[in-house]
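Some notes on the structure that comes next.
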């Protein structure tokens, strides 16, 4: 008889659910007493293998992103940009001098109008090239910083991905959550869907 | 193979309330204990279980869960936030303004060249009129003037297109930022759900142990 106000406590069982869609590779206990932390089953997940392959691709891509810094490309590009500024500076200087000389010649009657009419545009074009080269050079360190930061972002992403992968891999070794009687619900080579029981532990 | 529900049994996760007398009770029908199922909000692992079985009061923490999906989402959001910051730099460090200035100068330079070519063309035409230059020279100069005009048109087109691109970039950044903010709010909300508290006073019986996995919607 159950008296009013009392509750019937059900026997405690812990469901040992599969952490993923897995194949049971090894089952150490089919039915029997287990101790907390005792390995019971080894599982394998295709999804996890796919995740590993994604992480490997990410690591390979990271290596490609790092190359400009390791093979001297950045230093070479920096040198080229400096040269471009130098060269644009020289071009502007020449255009400016040539323009002044021709204007003087024109003033003295040694040059014709057709020779001097296009001079201002040449000087302006040289100035524009110089401005563009200067901007390229000025923005280069910022772009390099962007590249470095993107590498850092990828490194962090890879690191956290690897941590998650390791955590998920750890779950592939299923251990008893407590002391008790374990009763498996799948056999070796069996497939278990994520969330379905591998077995039940009766405490 | 047994199903999850079968395995759980009748009342593995139960919060039993001393039920109020119902019409059924009054009619002499069998009184039932009320069970509340405490479901996992996501595919989770039980990180910490406060008690396996026992009486609890409303709001009392029962379990702390961890979700790999949420960890992955957090990592993705952190990466997106960092990438967004890198993309914003073009605007905040004045790079876009510098590019605008270069494009403006390119248009000005092309205009000066076009005006000069035009002027030269007119001079040559006049010279041809008085017979000091040949018609072929005039044609060559006219061709050069037309080319300069085309270059000017291209420079102007580049300037307009770039301006549109800058606006698109800015709008995309704003869209990404809004989406990121919303996703962060969702993450916060989901993270808060990982602490399972008793929904009412009663007897709690866990159906998973510490370290155990629970699929979304299955009982803790």
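The values are calculated or read from the model by the stated rules, or taken from the named source; none is laboratory data. Model, not experiment: these values are computed from the prediction. Note that each Cβ is placed from the backbone with ideal geometry, even for glycine, and that neighbours are counted across all protein chains shown.
With the structure loaded, tell me whether residue B:138 is part of a helix (DSSP H, G or I), farther than 20 Å from residue B:117 by Cβ and more than 21 Å from the chain's Cα centre (by Cα) or whether it fails that test. Even if it seems obvious, please write down each step before you answer.
Numbers: part of a helix (DSSP H, G or I): yes; farther than 20 Å from residue B:117 by Cβ: no; more than 21 Å from the chain's Cα centre (by Cα): yes.
Criteria not met by residue B:138.
Of everything in the stretch A:159-169 that's closer than 17 Å to residue B:77 by Cβ and surrounded by fewer than 18 Cβ atoms within 10 Å (Cβ to Cβ), which residue is nearest to the other protein chains (Cβ to nearest Cβ)?
First, the residues of the stretch A:159-169 that are closer than 17 Å to residue B:77 by Cβ: A:159-161, A:163-164.
Now drop any that are not surrounded by fewer than 18 Cβ atoms within 10 Å (Cβ to Cβ), which leaves A:159-160, A:163-164.
Details: A:159: 9, A:160: 4, A:163: 8, A:164: 6 Å.
It comes out as A:160.
When you go through A:109, A:195, A:161, A:180 one by one, which is the residue that is assigned by TED's automatic domain parsing to the domain that holds residue A:55 and at positive phi?
Just a single option satisfies the conditions, and that option is A:109.
Look through B:199, B:210 and report the one residue that is outside any helix (DSSP H, G or I), away from every other protein chain (no Cβ under 14 Å) and over 30 Å from residue B:93 (Cα atoms). I'd like the intermediate steps shown before the answer.
Details: B:210 fails: away from every other protein chain (no Cβ under 14 Å).
Going through B:199, B:210 in turn, the sole match is B:199.
Quick one: is residue B:149 at pLDDT 90 or above, within 14 Å of chain A (Cβ to nearest Cβ), more than 30 Å from residue A:12 (Cα to Cα) and in contact with a helix residue (DSSP H, G or I) (Cβ under 6 Å, 6 or more places away or on another chain)?
The answer is yes for residue B:149.
In the stretch B:192-213, which residues are surrounded by fewer than 16 Cβ atoms within 10 Å (Cβ to Cβ) and in contact with a helix residue (DSSP H, G or I) (Cβ under 7 Å, 6 or more places away or on another chain)?
Matches in the stretch B:192-213: none.
Can you tell me which condition residue B:34 does not meet? The list is (1) more than 10 Å from chain A (Cβ to nearest Cβ); (2) under 25 Å from residue A:18 (Cβ atoms), and all the others hold.
Only one criterion is unmet by residue B:34, namely (2).
Just checking, how many residues over the stretch B:115-138 are within 8 Å of chain A (Cβ to nearest Cβ), within 30 Å of residue B:162 (Cα to Cα) and touching a residue at least 12 places away in the same chain (Cβ under 8 Å)?
Residues that pass the stated criteria total 2.
Yes or no: the stretch B:170-188 includes at least one residue that is closer than 30 Å to residue A:197 by Cβ, out of contact with any helix residue (DSSP H, G or I) (no Cβ under 9 Å at 6 or more places or on another chain) and modelled with pLDDT under 95.
No, that holds for no residue.
Quick one: which strands (runs of 3 or more DSSP E) sit completely within the stretch A:13-119 and have at least 3 residues that are within 14 Å of another protein chain (Cβ to nearest Cβ)?
On the way: elements: A:13-17, A:22-27, A:31-34, A:39-45.
Because the criterion is at least 3 residues that are within 14 Å of another protein chain (Cβ to nearest Cβ), the strands (runs of 3 or more DSSP E) in the stretch A:13-119 that meet it are A:13-17, A:22-27, A:39-45.
Only residues that are in a helix (DSSP H, G or I) and surrounded by fewer than 17 Cβ atoms within 10 Å (Cβ to Cβ): list them for the stretch B:37-70, please.
At the first step, the residues of the stretch B:37-70 found to be in a helix (DSSP H, G or I) are B:68-70.
Result: B:69, single match.
When residues of the stretch A:123-145 are filtered for being at the interface with chain B (Cβ under 8 Å from one of its Cβ atoms) and either over 30 Å from residue A:58 (Cβ atoms) or buried (at least 19 other Cβ atoms within 10 Å of the Cβ) (or both), how many remain?
Counting residues in the stretch A:123-145 that are at the interface with chain B (Cβ under 8 Å from one of its Cβ atoms) and either over 30 Å from residue A:58 (Cβ atoms) or buried (at least 19 other Cβ atoms within 10 Å of the Cβ) (or both) gives 8.
Can you tell me which residue among B:182, B:161, B:172 is part of a helix (DSSP H, G or I), free of Cβ contacts under 8 Å to residues at least 24 places away in the same chain, away from chain A (no Cβ under 14 Å) and under 30 Å from residue B:64 (Cβ atoms)? Even if it seems obvious, please write down each step before you answer.
Working: B:161 fails: under 30 Å from residue B:64 (Cβ atoms); B:172 fails: under 30 Å from residue B:64 (Cβ atoms).
It is B:182.
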